[in-house]
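To start, the structure under review is shown below, and the notes come after it.
The values are calculated or read from the model by the stated rules, or taken from the named source; none is laboratory data. Computed from a predicted structure; not experimentally measured. Here Cβ is always computed from backbone atoms with ideal geometry, including for glycine, and neighbour counts include all displayed protein chains. Please note that ligands, DNA and RNA were not included when accessible areas were found on the heavy atoms of the full protein model with its side chains. Shrake-Rupley method; radii C 1.70, N 1.55, O 1.52, S 1.80 Å.
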Amino acid sequence: MEKVLEVKDLKVSFQTYGGTVQAVRGVSFDLHKGETLAIVGESGSGKSVTSQTLMKLIPMPPGKITGGQILFNGEDLVPKSDKEMESIRGKEISMIFQDPMTSLNPTMKVGNQIMEGLIKHQKVSKADAKKRAIELLKLVGIPMPESRVNQYPHEFSGGMRQRAMIAIALAASPKLLIADEPTTALDVTIQAQILELMKGLQDKLDTSIIFITHDLGVVANVADRVAVMYAGQIVEIGTVDEIFYDPKHPYTWGLLASMPSLENDGNDELAAIPGTPPDLTNPPVGDAFAPRNKYALAIDYEEEPPMFQVSETHFAKTWLLHPDAPNVEPPDAVKQRIRKMSSNFDKPVLVKEGK
Amino acid sequence: MAEKLLEIKNLKQHFNVGRPNMVKAVDGISFDIYKGETLGLVGESGCGKSTTGRTIIRLYDATDGQVIFDGENVHGKKSAKALKAFNRKMQMIFQDPYASLNPRMTVADIIAEGIDIHGLAKTKKARMERVYELLETVGLNKEHANRYPHEFSGGQRQRIGIARALAVDPDFIIADEPISALDVSIQAQVVNLMKKLQREKGLTYLFIAHDLSMVKYISDRIGVMYFGKLVELAPADDLYNNPIHPYTQSLLSAIPLPDPESERTRQRRAYDPASHQYADNESLEMREITPGHFVYCSEKEFKEYQQQYTK
């Protein structure tokens, strides 16, 4: 399969009064054509910074890409200037933001906001752009697009604004769509509609999607592959089945166990992850998750765990996969999920470098 | 059955009454809350669930209807003293832990505000001891007492909010989306804490939320609201296994589950209010389909639902 995006050992830090915050600490992943990669993690895990860095939308300074490469269609985006990025943003890569209330321009008609990208990137006339804007609004399921195109964002409901945002993002048929918590601000019924819409459009347009969320239900619904981020690093990545039915990292276990399932009758306590995420001004030595991890080994406090490969597509960054590690049992809530994966290697393999 | 702590009878809360932009946020709902239970209230934004909570605690004056708490009408005329005594028994935990704590007060003062108002501590020392005790109850420690809210994370702030609610020893707590603003791993911590406090202190909760899986987990019974009306009220398991009202069915079919296999085959059902085809003269009310399971329906639907249920 064709690779659209390849991120190699990306590092991003922010200069603040309190010191340098290492928001992203060596993230590597790739994305194929037409694929959806979900990135999950709690706030502060660096998932939004990673995605904004892909479009170079982080403010620089105080932000800085301190290392790594972002290969988009084989071209590295890191050294590109703002001017060069302009021809990529909105055209090749576009983004859907979390809050449709604040990310649309309240003083501009919705139609004009969609046309803006078209006129800039595709050099079409105003009249043609408007026609296309109406088509796009129709595509994202807005009724009466001919009159809606002349309305302002405040005349749209929350779900419709999010649809309008998707129309803007899709205007120039980008190869990569980054959706940063696109449904978090919406009700479940509207969320379900938007997710269906995004999947439908992906089938039609063959776009690759990076989907950032902290809702594991949404992940199970949309993702082909899942990357779990913690403290600025990807701690586990694999296909959606591998992450949900054969998770290897204790943090992934914790996330899965802390969600009540609908079968859970409420008698047993939820397995909460104790404590809070670490301060990334001074990332802890060793495994950043160790202080909150009841499975932590002595080595976790001394040396950062390397990536281990469990199958062709499944990687996890934990010492527990080391041949010398003791055998541990995941929490009960996770054990119920676990299935045998036929694609797994006989033994986890240590990954030397990069991924 | 346990004794009733709270009876809500035909409660209405309308805004902008008499003007063209009148909103019937809560439009005639009735339910009871029993001592020691957790009643979950779910629905989409704008369905009136938060307004219901706020009207029950008298943050709004009800347009019509009664809220009877421990045999007394909350919205009746009260002397200042009676009102104060009532305020002590009912407390609220708010959704946004960032906006609901005064940034210029220390944690100790925030928690002790209720203690001061109600004169629950005789001496300064007793007051601080109570604050320390409360901090410990919610999983924070003594050193946190002299800090300000901005020094805490979202989960910790929500714990402060809970400590503040507990400070006056209430019987009943209204939690308005207490975990919606928190991360998944922190949500579980707060929910576990709330359950533990309920066991230890025999608290009664009204838990308002839109995250249905968490509501199912924490609630004994669940009420579903739609456009200012309660459309279904049932024990938590019963509601999930046998949703009867089409809106409840649609809502349940929309929750994504953390299970890729069931997600691949998910069938979402849309709700169309017109599908009921109510005639003008039909009387709509809550009817009991099976013991404890109420649905808002017409006489005709009631018979259909009952038949479906027995199958």
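So in the range A:264-321, with the set limited to residues that are within 14 Å of chain B (Cβ to nearest Cβ), more than 20 Å from A:VAL27 (Cβ to Cβ) and hydrophobic (A, V, I, L, M, F, W, C), which one is surrounded by the most Cβ atoms within 10 Å (Cβ to Cβ)? Filtering the range A:264-321 for residues that are within 14 Å of chain B (Cβ to nearest Cβ), more than 20 Å from A:VAL27 (Cβ to Cβ) and hydrophobic (A, V, I, L, M, F, W, C), the one surrounded by the most Cβ atoms within 10 Å (Cβ to Cβ) comes out as A:ILE273.
Conditions tested, residue by residue: (1) at pLDDT 85 or above; (2) of a type outside the set (S, T, N, Q); (3) surrounded by fewer than 20 Cβ atoms within 10 Å (Cβ to Cβ).
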position	(1), (2), (3)
B:ASP237	yes, yes, yes
B:ASN242	yes, no, yes
B:HIS245	yes, yes, no
B:THR248	yes, no, no
B:TYR271	no, yes, yes
B:ALA274	no, yes, yes
B:SER283	no, no, yes
B:ILE289	yes, yes, no
B:PHE294	yes, yes, no
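Restricting B:LYS195, B:LYS201 to residues that are more than 13 Å from every other protein chain (Cβ to nearest Cβ) and surrounded by fewer than 20 Cβ atoms within 10 Å (Cβ to Cβ) narrows the list to B:LYS201.
Counting only helices (runs of 4 or more DSSP H) that fall entirely inside the range B:179-284 and contain at least 2 residues that are outside the structural domain of B:CYS297 (by TED's automatic domain parsing) and among the small types (Gly, Ala, Ser), the qualifying elements are B:184-201.
Taken over the range B:84-108, residues that are open to solvent by 60 Å² or more (accessible area, probe 1.4 Å) and not aromatic (Phe, Trp, Tyr) amount to 10. Checking each residue of the range B:215-238 against the condition of being facing chain A (nearest Cβ under 9 Å), closer than 26 Å to B:ALA25 by Cβ and among the basic types (Lys, Arg) gives at least one match. Residue count for the range A:185-223 satisfying the condition of being more than 10 Å from chain B (Cβ to nearest Cβ) and either without any contact (Cβ under 8 Å) to a residue 60 or more places away in the chain or outside any strand (DSSP E or B) (or both): 12. Among the residues making up the range A:44-71, those that are open to solvent by 10 Å² or more (accessible area, probe 1.4 Å), more than 14 Å from the chain's Cα centre (by Cα) and touching a residue at least 60 places away in the same chain (Cβ under 8 Å) are A:GLY68, A:GLN69, A:LEU71.
Inside the range A:41-59, residues that are touching a helix residue (DSSP H, G or I) at 6+ places or on another chain (Cβ under 9 Å) and more than 17 Å from A:ASP30 (Cα to Cα) make up a count of 6.
Those residues that are touching a residue at least 24 places away in the same chain (Cβ under 8 Å) and assigned to a loop (DSSP other than H, G, I, E, B), I need them from the range B:14-45; list them, please. Give the steps one after another, and end with the answer.
Of all residues in the range B:14-45, those touching a residue at least 24 places away in the same chain (Cβ under 8 Å) come to B:14, B:17, B:24-45.
Within the range B:14-45, B:VAL17, B:LYS35, B:GLY36, B:GLU37, B:GLY43, B:GLU44, B:SER45 meet the criteria.
When B:ILE255, B:ILE162 are checked against the criterion of being more than 26 Å from B:LYS9 (Cβ to Cβ) and at the interface with chain A (Cβ under 8 Å from one of its Cβ atoms), a single residue qualifies: B:ILE255. Scoring B:GLU113 on the criteria (1) open to solvent by 70 Å² or more (accessible area, probe 1.4 Å); (2) not in a helix (DSSP H, G or I) leaves a single failure, condition (2). Taken together, the criteria place B:ASP211 among residues that are among the charged types (D, E, K, R) and within 14 Å of the chain's Cα centre (by Cα).
Looking across the range B:60-77 at every residue that is closer than 25 Å to B:ALA25 by Cα and free of Cβ contacts under 8 Å to residues at least 12 places away in the same chain, the one that is least open to solvent (accessible area, probe 1.4 Å) is identified as B:GLY76.
Of these, A:LYS83, A:LYS8, which one is in contact (Cβ under 8 Å) with a residue 12 or more places away in the chain and open to solvent by 40 Å² or more (accessible area, probe 1.4 Å)? Working first, answer last.
Values: A:LYS83 fails: in contact (Cβ under 8 Å) with a residue 12 or more places away in the chain.
One residue alone meets the criteria, A:LYS8.
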